[in-house]
Amino acid sequence: MTNQDVAAAFLGCYKKHDYAGMQRHLDPNVTFHDMAFDNITGPDVNAMWHWFCVPHPPRKEPVEVPSFEILGEQGDVVSARYRVQYLYGGKRPVDYVIQSSFTVQDGRIVKQSDVSSISQFAFARMALGYPICLLALTPVFGWLVRSEADKKLQQFKREQNGLYGSAAG
């Protein structure tokens, strides 16, 4: 399997909500970074993908991935783009594109870094509405997003009865 095949298989599994398939393409010590998660590793990355692939209150449906494409490869880094759609907080529809970089070594993803195609303000406007979205214009917004995402991920891990190790917090 080429590095591009690994990234395409991973995203194909995400599109099908096959978190176990996604996890098979990840190195045990994988790292992940995006707007909500700042360099999570290993079991937390596996738990995050599981969480996104299943309904979890208040989200009644998994995160949808209507499309993805592999853009290219330089060395061991594969570039891709994928679209996500979900109801934030179970109520507000969000829909945006993510630029992703996958570092692949020995047939497994060791690092993934995602950057949203929209600004923090545009995301906040979709997810939170006006006037709460104005928080995105403050330095504290990134901290709030990461803090809330970590809290929800740790809760999901606790609910998985030790599948992803003990949850912090």
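Structure notes:
- For the chain, the spread of Cα coordinates along the three principal axes comes to 48, 36, 28 Å, biggest extent given first.
- Residues in the range 55-99 that a label on E159 would reach, taking backbone N under 17 Å of a point 7 Å out along Cα→Cβ: 55-64, 86-92
- FRET E, pair E148, D76, Förster distance 35 Å, beta-carbon r, rounded to 0.05: 0.60
- When the chain is treated as a GNM with alpha-carbon contacts under 10 Å, the residue of L153, L137, L26 showing the greatest mean-square fluctuation is L137.
- Note on K157: aspartates and glutamates with a C-alpha under 13 Å away, same-chain residues under 8 apart excluded, are D44.
- Modelled spin labels at I132 and S119, positioned 7 Å past Cα toward Cβ, are 2.1 nm from each other.
- Entry note, the range 6-51: relative contact order of 32 percent, from Cα contacts under 8 Å with a spacing of 6+ residues.
- Between Y88, Y19, Y130, the Gaussian network model of the chain with springs among Cα atoms under 10 angstrom shows the greatest mean-square fluctuation at Y130.
- Euclidean distance between Cα centres, the range 1-58 to the range 98-135, Å: 14
- Per-pair calculated FRET efficiency, R0 = 22 Å: V110 and Q85 via Cβ, rounded to 0.05: 0.20
- Theoretical ellipticity at 222 nm over the chain - DSSP helices of four or more residues, -39500 (n - 2.57) apiece, nearest 500: -11000 deg cm²/dmol
- Per residue, the convex hull spanned by the Cα atoms of the range 84-169 amounts to 135 cubic angstrom.
Any read-out appearing in this document is the output of simple, stated calculations on the displayed coordinates, not a laboratory observation. Quick caveat: nothing in here was measured; it's all calculated off a predicted structure. Every residue, glycine as well, gets a Cβ built from its backbone with ideal geometry; the counts of neighbours run over all protein chains shown.
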